[in-house]
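Reviewing the structure listed below.
The values are calculated or read from the model by the stated rules, or taken from the named source; none is laboratory data. From a predicted model like this one, the values you see are computed outputs, not experimental measurements. Cβ coordinates were reconstructed from backbone atoms using ideal geometry, including for glycine residues, and neighbour counts include every protein chain displayed. Note: areas computed on protein heavy atoms with side chains; ligands, DNA, RNA excluded. Shrake-Rupley method; radii C 1.70, N 1.55, O 1.52, S 1.80 Å.
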Amino acid sequence: MAIFVSCTQPKKENRKVIVVHARGISYPEMQEYLTATKSDLFFKRNEKNITKLTPITNAVTISNIASFETGESPSEHGIVGHLYVKKENEKLSLVSGFSQPFETETFWEKADLKGKKVLNIGSLTLHGKYITHKNVDALSQGTQIGKPIILELKQISSNDNSLVKYRNSNDEFKIPELQNLVVYKTKDSQLIFDNDYNFDNGFVKEATLGNWFELDNNLKGKWLNKSSDSIQIYVRPQYKNKGYPKEFIQSINENIGNPTGWPNIGYYTSKKIDSKTLLEEIYSELNHIMKVFTSTSQKKEYDLIMIDYPLMDRIGHSFLGLKKSSKEIQLEYKNAFSQMDKDFNTIEAFAKKNNYDLIITSGHGFSPIHTSIDINKFLTKNSVNTNFNSKDWEAIGIPAKVSSHIYINDNLSIENKQKTLKKIEDAFSYLKYKDELVVDEIYRREDLNKIGLDHKNSGDLFVLLNPGYLFENNSNEKTFWGVPKFRGDHGYSLKHKESYGIFISKIKCHDCHSIDISKTIEKRLFTDYSSN
Ligand SMILES: [Zn+2]
């Protein structure tokens, strides 16, 4: 792979770079939009600069981010999956890839160490190899406080048709503002919240059907239904800005306010909220990111600006499995691309005006999913002892989205180890769902170097599923099959065309691989262009 720096670029000192990580735009979907759109915004104007991008083999969120930022494969940076087992002094502990520092430096840490000023917005981790950074202003996706809840308000009196009294019957809900609350429905589409049984002396809040209303403490509620004997109010948890240094976060708190946080895909899948409500959450999260970009990018002269742009990842996880059969979802995909067209246009204009090179990459594509597998239930059913607490456990699988590391008990005899490996390989090879093979590839430890997963924390076996399937524990006692929370996911093998992402830049990228982008950025940031 090679990224060529075009000779016709004007020679400038101190090249500055904006890199947008718009995770999850797949190459086929990008092409679909380009064919259909009449807009002459960002994408059409940059059509010749849009390249197909090869992701790492198992591009689950955090492994993809670590590879993109360090320019190394998981073998080197050590983030071998969404979840895996960390081996220290013969002790095995389950870790999330998000919690682990990378074993190699990221491009933005190299910039920091060389005194370059970095702005990092919307990131999913605030660390790379190191935990603290001197020249970096960083804002992550935020901190969630509390849980979302659906408040069920029961009717307690009805004197006439225009004034019906309701009471919050949910004792678990500990928000002071909503305790002892009396709710009056004055019209079919209007609610009045009061706390003293007398709303002639004023009231706490008003709400209209289907619209968000704000409660104190940055809580947002939405009146969902129209049923006559109860009222359902969806209340989102609080979110706070999170990042460093303190002054930077403080200025975001003061100038922009708290974020609304990430979308509640779980509530959508379990039909507690509808697609409209979920989309409102998705776009309000995005709105915060774009506001932060507009407000912070001007304040300091940054050498490197990084934006994690979450839209397509949210849309993919929420809806992709429904796209084929739903006109409404197809329209939402078009809308999402139009939104990106506008936002990237804004970012491009800023880049041009302020002399930045612009790079937009999606890291990976997206595949629809429909069925989950509880790996340890599956192994148990295939007579593998997965009871980690028993002395003679044989193997344990770590469900990590589209793949799973499987660890074999080191205390087994060599013969039993081989038997267990074979037993698991056979079970997975023949696993079918409605006549379709479920497993894409099974790798033994010694073959993991072929896909950049050769690391001491990797499993003795690594199972990569076919698109459509995902490893997730389920509470169904009868079967290892289940319904996943998400409708789309990423990290499937490179055999599937929808696994591929995009790279957009005036900097040409031939045979483009996500691992090589960091080198391009470093080259722009650290080469002294003034001498030639
Ligand atoms: Zn994702």
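One residue stands out among those in the stretch 497-511 that are open to solvent by 40 Å² or more (accessible area, probe 1.4 Å) and in a loop (DSSP other than H, G, I, E, B): the one that is farthest from R45 (Cα to Cα), which is D511. Of the candidates D447, D426, D440, D454, the single residue that is part of a strand (DSSP E or B), more than 16 Å from the ligand (Cβ to nearest atom) and open to solvent by 10 Å² or more (accessible area, probe 1.4 Å) is D440. What are the residues in the stretch 276-291 that are touching a helix residue (DSSP H, G or I) at 6+ places or on another chain (Cβ under 8 Å) and closer than 13 Å to L139 by Cβ, if any? E285, M290, listed by residue number.
Each row is one residue, and each column tells you yes or no for (1) closer than 30 Å to K300 by Cβ; (2) open to solvent by less than 20 Å² (accessible area, probe 1.4 Å); (3) under 21 Å from the mean Cα position of the chain (by Cα).
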{"residue": "V60", "(1), (2), (3)": "no, yes, yes"}
{"residue": "E72", "(1), (2), (3)": "yes, no, yes"}
{"residue": "G97", "(1), (2), (3)": "no, yes, yes"}
{"residue": "E105", "(1), (2), (3)": "yes, no, no"}
{"residue": "L113", "(1), (2), (3)": "yes, no, no"}
{"residue": "I145", "(1), (2), (3)": "yes, no, yes"}
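Residues that are of a type in the set (D, E), within 12 Å of the ligand (Cβ to nearest atom) and either under 14 Å from F337 (Cβ atoms) or out of contact with any strand residue (DSSP E or B) (no Cβ under 6 Å at 6 or more places or on another chain) (or both) within the stretch 300-319 comprise just one, D313. Is it true that N345 is open to solvent by 60 Å² or more (accessible area, probe 1.4 Å) and polar (S, T, N, Q)? Against the criterion (open to solvent by 60 Å² or more (accessible area, probe 1.4 Å) and polar (S, T, N, Q)), N345 does not qualify. Within the stretch 361-387, which residues are away from the ligand (no atom under 16 Å from the Cβ) and among the aromatic types (F, W, Y)? Hit for the stretch 361-387 is F378, nothing else. Listed by first and then second residue, the pairs with beta-carbon distance under 7 Å, at least 6 apart or on different chains, first residue in the stretch 128-141 and among the polar types (S, T, N, Q), second in a strand (DSSP E or B), are N135/V118; S140/S123; S140/G243; Q141/G122.
Scan the stretch 243-258 and give yes if some residue there is in a helix (DSSP H, G or I) and β-branched (V, I, T), otherwise no. There is at least one residue in the stretch 243-258 that is in a helix (DSSP H, G or I) and β-branched (V, I, T). Looking across the stretch 399-419, the residues that are open to solvent by less than 30 Å² (accessible area, probe 1.4 Å) and of a type in the set (V, I, T) come down to V402, I406, I408.
Among the numbered conditions (1) in contact (Cβ under 8 Å) with a residue 40 or more places away in the chain; (2) more than 24 Å from the chain's Cα centre (by Cα); (3) not assigned by TED's automatic domain parsing to the domain that holds G266, the only one that H490 does not meet is (2). Taking (1) closer than 18 Å to M30 by Cβ; (2) open to solvent by less than 30 Å² (accessible area, probe 1.4 Å) in turn, N335 satisfies each apart from (2).
One residue stands out among those in the stretch 366-398 that are surrounded by fewer than 21 Cβ atoms within 10 Å (Cβ to Cβ), under 31 Å from the mean Cα position of the chain (by Cα) and not β-branched (V, I, T): the one that is farthest from K323 (Cα to Cα), which is F388.
Residue-wise test of (1) within 16 Å of the ligand (Cβ to nearest atom); (2) in contact with a helix residue (DSSP H, G or I) (Cβ under 6 Å, 6 or more places away or on another chain); (3) of a type outside the set (S, T, Y).
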residue: D274; (1), (2), (3): no, no, yes
residue: T294; (1), (2), (3): no, no, no
residue: S297; (1), (2), (3): no, no, no
residue: S325; (1), (2), (3): no, no, no
residue: I329; (1), (2), (3): no, yes, yes
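Could you tell me whether the stretch 210-220 includes any residue that is among the charged types (D, E, K, R) and surrounded by 14 or more Cβ atoms within 10 Å (Cβ to Cβ)? Within the stretch 210-220, one or more residues are among the charged types (D, E, K, R) and surrounded by 14 or more Cβ atoms within 10 Å (Cβ to Cβ).
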